[in-house]
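**Student:** After the structure tokens below, expect a handful of questions from me.
Please treat every number below as a calculation from the coordinates, not as lab data. Source: prediction; values computed, not measured. Neighbour counts are summed over all protein chains in view; Cβ atoms, including those assigned to glycine, are modelled from backbone coordinates with ideal geometry.
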Amino acid sequence: MIAAADFNITKIERSKLNDINLENIPFGKYMTDYMLEADYEDGEWKNVEIKPYQPLLMAPSLAAIHYGQAIFEGVKAYKNDAGEPYIFRPLDNFKRFNASAERMQMPTVPEEIFMEGMKQLVKLDANWIPEKVDHSLYIRPFMFSTDETIGVKPSDKYKFMIILSPTGPYYATPMRIYVEEQYVRAVPGGIGFAKAAGNYGGAMYATAQAKLKGYDQVLWTDAYEHKYVQECGTMNVIFIIGNTAITPDLESGTILKGVTRDSVITILKEMGLTVEERALNIDEVIEAHKAGTLKEVFGTGTAATISLIKELRYKDYVMEFDTATLQVAPKVKETLNNIRYGKVADTHGWMVKL
Ligand code: COI
């Protein structure tokens with residue numbers, strides 16, 4: 001079994017940070033100085049290395065490119081006012097990562113490599129954590145199959161990696177959302193609950209179509225009736241109807257078990273709202289809008305944190321929200337930020353010190 005003491009660390013000669021302005025950084029553009037790499041071969045994980053960020057050399061027959069055994073996670077690191085780095089709920093991402101691995105017939109990654117590797121990596125790149133509200137260091141663990149064959153089968157070899165990218169807000173302004181009725185993101189029995197690379201590639205065509213119509217993202221509906229709301233773009237979605245927050249439940253296996261979703265549910269309950277995790281029909285949303293009880297709709301995700309929605313369109317029916325007067329989402333975001341930036345006590349044990 002591999003232990004953190006066995007990780008091989010190669011130091012950089014000069015940090016790229018000297019050449020980068022961490023003000024107004026677009027999501028995913030810059031990578032930090034280091035990356036983590038580990039190999040799965042002969043039934044075990046080996047060669048855990050933290051080394052300078054660099055390109056990979058790969059065979060054109062690399063299995064992942066052809067058949068899509070590829071999964072990932074999104075985690076974030078923050079600095080508190082004293083400049084101390086913390087990671088937000090990484091153990092939850094670790095568990096979800098291995099659930100995705102199992103569904104994709106990939107090996108699970110040991111906790112020591114995922115958690116200790118992440119901590120050591122973030123420690124080395126701690127200078128890259130932006131110290132500005134709504135900014136953070138995005139942590140991207142991922143795994144892909146590395147057999148060099150175009151035979152269709154689960155690979156025998158895999159690579160697990162973690163890369164880091166400083167980031168600002170993902171969706172800077174409130175979004176216009178198109179309720180999707182033709183294309184689907186996930187079906188029961190499929191891989192919707194897994195953070196599989198193909199779920200994101202498969203969503204791009206429908207999203208591009210919605211963008212052509214002037215919308216920022218789609219609100220996915222269920223595969224059978226196109227009635228039950230699922231996720232919004234790459235985020236979980238929460239509806240505030242009256243004093244109740246409603247979000248799709250995880251039972252069907254079509255919804256990602258969002259770590260931010262879970263955190264927001266906890267905060268909403270603490271704010272005194274009733275939270276219902278259940279199937280939500282778009283007709284119920286429209287009825288609530290007509291009755292004046294649909295107050296807010298917002299997305300939650302690691303990259304996006306809390307994303308406000310200013311317009312939701314279903315067929316010809318348009319629901320508009322005045323995002324300047326929202327009562328719930330901005331408060332949830334503020335509470336979450338206060339915990340993440342260490343401004344209030346972390347009573348839930350969400351922040352993990354390096
Ligand atoms: C995340 O929120 O971490 C995501 O995975 C969304 C996206 C950047 C792919």
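**Student:** Anyone know which of Asp33, Asp316, Asp262 comes out most mobile in the 10 Å Cα GNM of the chain?
**Tutor:** Asp316
**Student:** A follow-up question, please. Dipole magnitude of the chain about its Cα centre, charges +1 at Lys/Arg Cβ and -1 at Asp/Glu Cβ only, in debye to the nearest 20?
**Tutor:** With Lys and Arg at +1 and Asp and Glu at -1, about 600 debye.
**Student:** Still on this model: As an exercise, identify the trypsin sites (Lys or Arg not before Pro) in segment 233-338 lying in DSSP coil whose Cβ has no more than 11 other Cβ atoms within 10 Å.
**Tutor:** Arg278, Lys315
**Student:** May I pose another question? Taking neighbour counts of Cβ atoms within 10 Å as a proxy for exposure, in what order, fewest first, do Arg185, Arg140 appear?
**Tutor:** Ascending number of Cβ neighbours within 10 Å: Arg140, Arg185.
**Student:** Oh, and also: Relative contact order, percent, of segment 135-176 when contacts are C-alpha pairs under 8 Å separated by at least 6 residues?
**Tutor:** 48 percent
**Student:** In sequence order, what are the phi-derived ³J(HN,Hα) couplings for segment 20-25 according to the Karplus relation 6.51 cos²θ - 1.76 cosθ + 1.60 with θ = phi - 60°, rounded to whole Hz, with x for glycine and proline?
**Tutor:** Each residue of segment 20-25 in turn: 10, 9, 7, 7, 6, 8 Hz.
**Student:** Stretch Asp6-Met271 to full length: gain in nm at 0.36 nm per residue minus the Cα-Cα span? Mind showing how you got there, number by number?
**Tutor:** Values: separation 265, 0.36 × 265 = 95.40 nm, distance 4.53 nm.
Additional length available on full extension: 90.9 nm.
**Student:** Quick one: in the chain, what % of C-alpha pairs are over 38 Å apart?
**Tutor:** Looking at the chain, the distances longer than 38 Å represent 18 percent of pairs.
**Student:** Something else: Name the residue from Met58, Leu91, Ala203 whose Cα lies farthest towards the positive end of the charge dipole of the chain, charges +1 on Cβ of Lys and Arg and -1 on Cβ of Asp and Glu.
**Tutor:** My answer, from the dipole projection, is Ala203.
**Student:** Connecting C-alpha atoms closer than 10 Å in a GNM of the chain, tell me which of Pro52, Pro174, Pro60 has the biggest fluctuation.
**Tutor:** Pro60
**Student:** From the phi angles alone, apply the Karplus equation (6.51, -1.76, 1.60; θ = phi - 60°) to segment 160-176 and give each ³J(HN,Hα) in whole Hz, x where the residue is Gly or Pro.
**Tutor:** In residue order, the calculated couplings are 10, 9, 10, 10, 10, 8, x, 8, x, x, 6, 10, 6, 10, x, 9, 9 Hz.
**Student:** Please state the relative contact order of segment 14-57 as a whole percent: Cα pairs under 8 Å, 6+ residues apart?
**Tutor:** On the way: 36 pairs, mean separation 13.9, N = 44.
Computed value for segment 14-57: 32 percent relative contact order.
**Student:** Can you tell me how much longer the chain between Glu13 and Glu111 gets when fully stretched, taken as 0.36 nm per residue apart minus their C-alpha distance, in nm with one decimal?
**Tutor:** Result: 32.3 nm gained on full extension.
**Student:** Take peptides 214-227, 236-249 and line them up by average Cβ neighbours within 10 Å, highest first, as a rough protection proxy.
**Tutor:** Per-residue Cβ counts within 10 Å, averaged per peptide and sorted highest first, yield 236-249, 214-227.
**Student:** Round to the nearest 0.05 the FRET efficiency obtained for Thr293 and Lys123 when R0 = 45 Å and r is the Cβ-Cβ distance.
**Tutor:** It comes to 0.40.
**Student:** Compute the relative contact order of segment 6-122 as a whole-number percentage, counting only Cα pairs closer than 8 Å that sit 6 or more residues apart in sequence.
**Tutor:** 22 percent
**Student:** Here's a follow-up. All other residues with a Cβ under 12 Å from the Cβ of Leu56 taken together, and with Lys, Arg as +1 and Asp, Glu as -1, what is their net charge?
**Tutor:** 0
**Student:** Work out how much length Asn21 to Asp156 would gain on full extension: take 0.36 nm times their residue separation and subtract the Cα-Cα distance, in nm to one decimal.
**Tutor:** 44.4 nm
**Student:** I want to make sure I understand the PRE zone here: with the label point 7 angstrom from the Cα of Gln327 toward its beta carbon, which residues in segment 291-314 have backbone N atoms less than 15 Å away?
**Tutor:** Answer for this model: 292-297.
**Student:** For segment 56-73, what does the Karplus curve 6.51 cos²θ - 1.76 cosθ + 1.60, with θ = phi - 60°, yield as ³J(HN,Hα) per residue in whole Hz, taken in order and with x for Gly and Pro?
**Tutor:** 9, 9, 9, 6, x, 8, 3, 4, 4, 5, 8, 10, x, 6, 8, 9, 8, 9
**Student:** Per DSSP H run of n ≥ 4, the term is -39500 (n - 2.57); total these for the chain, divide by its residue number, and report the mean residue ellipticity at 222 nm rounded to 500 deg cm²/dmol. Show your work: numbers first, answer last.
**Tutor:** On the way: 8 runs with 75 residues, N = 354.
Helices in the chain give a 222 nm mean residue ellipticity of -6000 deg cm²/dmol.
**Student:** Distance between the C-alpha centers of segment 121-146 and segment 252-330? Whole Å please.
**Tutor:** After rounding, the separation between the Cα centres reads 28 Å.
**Student:** Which lysines, on any chain, are close to Lys353 with Cα under 16 Å apart, when same-chain ones fewer than 8 places away are left out?
**Tutor:** Here the lysines satisfying the reach criterion relative to Lys353 are Lys76, Lys79, Lys119, Lys123, Lys343.
**Student:** On alpha-carbon atoms, Rg over Rh for segment 103-262 using Kirkwood Rh?
**Tutor:** My calculation of the ratio gives 1.00.
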